[in-house]
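Before any comments, here is the structure.
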Amino acid sequence: MAPRYDYTLDPTGDVVLTLFNANAPFAVWPQKTSSACHPNAISAKGQSSESQDAEEDDSSFDFLVSSRHLILSSPVFKAALTGNWVEATVSEDGLRHLYTDDWDVQAMVIAMNVIHGYSRKVPQMVSLELLAKLSVVVDYYQLHDAFYLYACVWIDRLRAQLPDQYNRDLVLWICVSHVFQKTDILSSLTKTATARYTGETVTGLPVPSKIFDEIAWNKRGLQLSVAWKSLQALHSQLTLNEKCLGGWKNCNCRTAHLSALVAFCHSCPGLDQNNLPRTLSSKLGVSDLVERLGKFEYPNQKSREMGRCSHSLKKSVESIIRGLGGVVPS
């Protein structure tokens, strides 16, 4: 009796590709956030019953495929099937055997249909979740050419759903746009991520670390720029206005608060109150600036005017701390 395969891509195929641990957790978002979800997400917690069953069973799937198609489509498969490896050896059953694991089975089925030229079996539209899983398979097996037209169609039909918040979907989109070289989308996503970056991410995606390093660096620059401009505005208010921070005219307390502000700026390494580019190019960290602002030394309140001005200065400094994402000390 002929062996049965879960998926027969070529009835006369000479390779059995076995996928172990199908539907393994994919791009898991940190659980502390409300957007955390499992890769095969459908329910509120992001996990379909089918995916749960697949994980619990530690499922494996066999694909009967053509070595010729694999070799023509993928340098990775070519190396495995033509090199000096055990996979290139014909087994007793007359077939060669390849093994892989953790991929989403639906993504692998689509990949095999693309490789074997079954265009009608390739969906015309996929979800972002599935597209991200496909992008990982494409990147690993270097199937970019085979998937080029399909990816263009899928991405164009999902383009209107680009996220405007930093969350798991945005990270998946970064992966997709990087793998399929959609530079316009990637540029837009990194700008969105910079403005709303929280530091959370997922692992296991084929995204160069330099992309998230750049996002983190730009986020730091944006925060420091806002803080620097706020300090400059406060400095100008204390220097140029006729009234002090408390609204008093011709009040000497303005000098004391200006001195406190200048002293703070000089005591903060990397913060150049006269040169924003120099501040941004320094190694000044946002957390360092928040910590120092929390220890800001306000002048002693020697009068009603001084107390009112100190309160206004304190509110301004606390506003800068919040703008940096810090917590105002009690």
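The values are calculated or read from the model by the stated rules, or taken from the named source; none is laboratory data. Bear in mind that the values here come from a model prediction, so they are computed numbers and not experimental data. Because the Cβ atoms are built from the backbone with ideal geometry, glycine has one as well, and the counts that use them run over all protein chains shown. Surface areas here come from the heavy atoms of the whole protein model, side chains and all, with no ligands, DNA or RNA. Shrake-Rupley method; radii C 1.70, N 1.55, O 1.52, S 1.80 Å.
In the condition set (1) touching a Leu at 6+ places or on another chain (Cβ under 6 Å); (2) open to solvent by less than 30 Å² (accessible area, probe 1.4 Å); (3) at pLDDT below 85, PRO299 is compliant with all but (1).
Candidates in region 92-116 are the residues that are in a loop (DSSP other than H, G, I, E, B) and open to solvent by 50 Å² or more (accessible area, probe 1.4 Å); of these, the one that is modelled with the highest pLDDT is ASP102. Applying the condition of being farther than 12 Å from ALA227 by Cβ and outside any helix (DSSP H, G or I) to region 308-330 and asking which residue is least open to solvent (accessible area, probe 1.4 Å) yields VAL328.
Among the residues of region 157-168, those that are surrounded by fewer than 19 Cβ atoms within 10 Å (Cβ to Cβ) and assigned to a helix (DSSP H, G or I) comprise ARG157, LEU158, ARG159, ALA160, GLN161. So is SER225 small (Gly, Ala, Ser), out of contact with any His (no Cβ under 9 Å at 6 or more places or on another chain) and buried (at least 20 other Cβ atoms within 10 Å of the Cβ) or not? No; evaluated as a whole, the condition is false for this residue.
Of all the residues that make up region 115-155, how many are among the β-branched types (Val, Ile, Thr) and without any contact (Cβ under 8 Å) to a residue 40 or more places away in the chain? Looking only at that region, the number is 5.
Checking every residue in region 75-91 against the condition of being among the charged types (D, E, K, R), open to solvent by 70 Å² or more (accessible area, probe 1.4 Å), closer than 23 Å to GLY13 by Cβ and part of a helix (DSSP H, G or I) gives at least one match. Out of ASN23, ASN40, one residue alone is at pLDDT below 90 and either aliphatic (A, V, I, L, M) or buried (at least 16 other Cβ atoms within 10 Å of the Cβ) (or both). It is ASN40. The number of residues in region 180-203 that are at pLDDT 90 or above, part of a helix (DSSP H, G or I) and open to solvent by 30 Å² or more (accessible area, probe 1.4 Å) comes to 7. When PRO206 is tested against the conditions (1) at pLDDT 90 or above; (2) surrounded by fewer than 15 Cβ atoms within 10 Å (Cβ to Cβ); (3) over 30 Å from ALA132 (Cα atoms), the lone failure is (3). Of VAL138, VAL122, all but one fail to be buried (at least 19 other Cβ atoms within 10 Å of the Cβ) and β-branched (Val, Ile, Thr); the exception is VAL138.
The set of residues in region 8-27 being touching a helix residue (DSSP H, G or I) at 6+ places or on another chain (Cβ under 9 Å) and among the aliphatic types (A, V, I, L, M) consists of LEU9, VAL15, LEU17, LEU19, ALA22, ALA24, ALA27.
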